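The values are calculated or read from the model by the stated rules, or taken from the named source; none is laboratory data. Just so it is clear, the model here is predicted, and its values are computed rather than measured. Glycine gets a Cβ as well: all are built from the backbone with ideal geometry, and neighbour counts include every protein chain shown.
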Amino acid sequence: MPVRHFLTLNDFSTDELYDVLDHASKLKRDWRAGNVRDSLKNRVLAMIFEKSSTRTRVSFEAGMAQLGGSALFLSPRDTQLGRGEPIEDSSRVISSMADAVMIRTFDHQTVTRFASVANCPVINALTDDYHPCQLLADMQTFREHRGDIRGATVTWVGDGNNMCNSYVNAAQQFGFQLRIACPPGYEPDRQLLESAGDRVAVFNDPHEAARDSHLLVTDVWASMGQEDEQTTRARTFASYQINPDLMAMAHPDAIFMHCLPAHRGEEISEHMLEHPASVVWDEAENRLHAQKALLEFLILGELE
């Protein structure tokens with residue numbers, strides 16, 4: 001069988017994505033019940049980090065341990081990738097020694113080039129363009145709290161960044177309507193929006209976008225690598241904060257998500273993470289379980 005990769009949500013069919021989410025919730029229940037699982041015994045995940053991380057490293061490393069396998073942390077300082085070795089050469093070597101490779105980096109072309117010659121599954125754990133692993137956790141979280149997201153309305157508030165791009169993909173794969181509230185000039189890629197058709201609409205007014213929405217979600221205003229834009233972005237995005245007033249515009253049963261880390265007082269109000277509609281801590285934990293399901297699917301080729 002050809003090697004499967006997970007670089008964007010579009011690498012899986014909708015049915016496969018739902019299967020992963022079902023399995024993730026099952027693994028979560030089993031883990032909380034104290035059941036031991038060794039499905040990935042003697043399997044190795046190589047984790048390449050060119051961007052810093054908390055949730056991604058802990059969730060993948062803990063996930064492999066909980067499944068009986070092991071994980072290797074590789075930074076540019078520790079490998080020839082940081083010394084100019086061609087990506088393809090590193091891929092051929094690392095993928096011959098590991099059962100899967102997870103990459104968290106800047107340029108999306110890094111993961112596509114790595115995957116193009118890899119002989120084991122490659123997982124995009126975040127690039128400047130997409131963050132599909134976070135979307136698995138988000139979709140799992142919505143299902144556990146509100147049921148199937150198909151037919152729901154989701155409002156993204158903030159920058160048209162990698163998370164927003166992955167929400168555009170998710171709208172198509174999971175069948176929900178996505179409203180993107182962002183300042184002019186900060187929209188997602190035009191071609192990506194065109195590919196989504198009427199699944200996605202862009203608004204400049206966050207209150208209009210939030211009206212009757214079932215999920216409000218956001219991210220920091222300045223992502224990693226954009227720190228020099230922080231002051232300018234703080235002014236531009238000042239009215240694009242998720243707070244109780246904006247939540248009040250949403251559906252009465254709406255929930256709130258944030259992929260973290262959060263900047264309180266910026267993209268969210270000071271106590272928004274503790275708001276009754278917030279499911280952020282469940283969302284964060286679900287990175288662990290969604291990625292365990294993903295790892296089993298890619299490495300074993302099936303879900304049990």
Every residue from the range 1-36 that is among the β-branched types (Val, Ile, Thr), surrounded by 17 or more Cβ atoms within 10 Å (Cβ to Cβ) and assigned to a loop (DSSP other than H, G, I, E, B): Thr8
Selected residue (only one of Phe142, Phe114 is of a type outside the set (Ser, Thr, Tyr), in the same structural domain as Gly175 (by TED's automatic domain parsing), in a helix (DSSP H, G or I) and closer than 20 Å to Thr8 by Cα): Phe142
Residue in the range 262-284 that is within 22 Å of Leu136 (Cβ to Cβ) and aromatic (Phe, Trp, Tyr) present: yes
Residue check for His289: crowded, with 22+ Cβ neighbours inside 10 Å and either without any contact (Cβ under 8 Å) to a residue 12 or more places away in the chain or in the same structural domain as Ser95 (by TED's automatic domain parsing) (or both): yes
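Here is a yes/no grid of residues against (1) farther than 28 Å from Ala71 by Cα; (2) free of Cβ contacts under 8 Å to residues at least 12 places away in the same chain:
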position: Thr112; (1), (2): no, no
position: Tyr130; (1), (2): no, no
position: Gly147; (1), (2): yes, yes
position: Val168; (1), (2): yes, no
position: Gln172; (1), (2): yes, no
Members of the range 34-56 that are in contact with a Phe, Trp or Tyr (Cβ under 7 Å, 6 or more places away or on another chain) and under 26 Å from Glu302 (Cα atoms): Leu45, Met47
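So that you can scan it fast, the table gives a plain yes or no per residue for (1) of a type in the set (Gly, Ala, Ser); (2) outside any helix (DSSP H, G or I):
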{"residue": "Thr56", "(1), (2)": "no, no"}
{"residue": "Glu61", "(1), (2)": "no, no"}
{"residue": "Gly68", "(1), (2)": "yes, yes"}
{"residue": "Asp78", "(1), (2)": "no, yes"}
{"residue": "Ile94", "(1), (2)": "no, no"}
Among the candidates Ser52, Ser39, residue that is buried (at least 16 other Cβ atoms within 10 Å of the Cβ) and either among the small types (Gly, Ala, Ser) or not in a helix (DSSP H, G or I) (or both): Ser39
Among residues of the range 71-102, those that are touching a residue at least 12 places away in the same chain (Cβ under 8 Å) and acidic (Asp, Glu), counted: 2
